[in-house]
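What follows is a short report on a single structure.
The values are calculated or read from the model by the stated rules, or taken from the named source; none is laboratory data. These figures come from a predicted structure and were not determined experimentally. Please note: Cβ atoms are built from the backbone with ideal geometry, for glycine as well, and neighbour counts cover all protein chains shown.
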Amino acid sequence: MDITFLGHAGFLLSESGNTIAIDPFLSGNPTAVHKPDEINCDYIALTHGHADHLGDTVALAHRNNATVIAAFELANYLADEHGVQNLEPANPGGAVHTDFGWVAFTHAFHSSSYDGRYTGMPCGLVIRMGDDTFYHCGDTGLFGDMQLYGELYKPDVAAVPIGDRFTMDARLGTRAAELIRPRIAIPIHYGTFSALASSAEGFAPAGVEVRELKPGHTIAI
């Protein structure tokens, strides 16, 4: 799996000719180095409906004829308000099976809306591509079932929000990564706006390799 960090909480995951974009917030993202028309993807997976996660989903979905995988209400919003046609709605506890593997939805403790419209439960995403598993925690506080997700899915990589105020801070994110126990943890959702923590200082889970990525940076696992 090749993992490209798009900035904030966004990623591109690619393996065996398939590419999935996660929370592609590019326009209006001061840290992003990609423009929306530079992103090619077959699928888009969304953790929730806030603008800094929904981002450029509509433009990418239409331009790439991509399938959007999202919570039920968020999928309905994209169909009703933006004419997105290729949709795979789901909810926590379920999974969407694809030609590259599957996307499972986990709990996340947050909120989810867009322009005042409720867009379903906020979620984490577990993405299986080939032999690799990526757990995107979504925007969330710390909760004990992260340990269970780690035991069930055994993620190779976990993306953990640490920006504080709207999600965990570095201290709680460290504990989250220790509960999940991936091989690699990538800190996310910090340094984008002044309300968030400016750095990943203090994110240091024991027994887990930390990869702090800059927007545009790609790693292979």
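Points to keep in mind about this one:
- For region 83-94, the condition of being part of a strand (DSSP E or B) and within 20 Å of I3 (Cβ to Cβ) holds for none of the residues.
- Residue selected from region 93-112 under the condition under 14 Å from V68 (Cα atoms) and among the aliphatic types (A, V, I, L, M), by the criterion surrounded by the fewest Cβ atoms within 10 Å (Cβ to Cβ): A95
- Listed by position, the strands (runs of 3 or more DSSP E) inside region 1-78 whose residues that are touching a residue at least 60 places away in the same chain (Cβ under 8 Å) and of a type outside the set (D, E) number at least 1 are 2-7, 10-15, 18-22, 43-45.
- F105 meets each of the listed conditions (1) out of contact with any strand residue (DSSP E or B) (no Cβ under 8 Å at 6 or more places or on another chain); (2) not in a loop (DSSP other than H, G, I, E, B) apart from (1).
- Enumeration of residues in region 113-145 that are surrounded by 24 or more Cβ atoms within 10 Å (Cβ to Cβ) and either of a type in the set (S, T, Y) or assigned to a helix (DSSP H, G or I) (or both): T119, Y135, T140
- Under the condition of being of a type in the set (S, T, Y), more than 16 Å from H189 (Cβ to Cβ) and surrounded by fewer than 19 Cβ atoms within 10 Å (Cβ to Cβ), the residues counted in region 18-77 number 1.
- Region 64-101: number of residues that are of a type in the set (F, W, Y) and within 21 Å of I39 (Cα to Cα): 1
- Any hit, region 115-135, residues being polar (S, T, N, Q), in contact with a Phe, Trp or Tyr (Cβ under 8 Å, 6 or more places away or on another chain) and at pLDDT 95 or above: yes
- Residue pairs whose Cβ atoms lie under 7 Å apart, separated by 6 or more positions or on different chains, with the first residue in region 147-162 and in contact (Cβ under 8 Å) with a residue 24 or more places away in the chain and part of a helix (DSSP H, G or I) and the second aromatic (F, W, Y) and surrounded by 24 or more Cβ atoms within 10 Å (Cβ to Cβ), are Y149/Y135; Y153/Y135.
- For region 89-122, a residue qualifies if it is out of contact with any Asp or Glu (no Cβ under 7 Å at 6 or more places or on another chain) and farther than 24 Å from P161 by Cβ, and the qualifying residues are H97, T98, D99.
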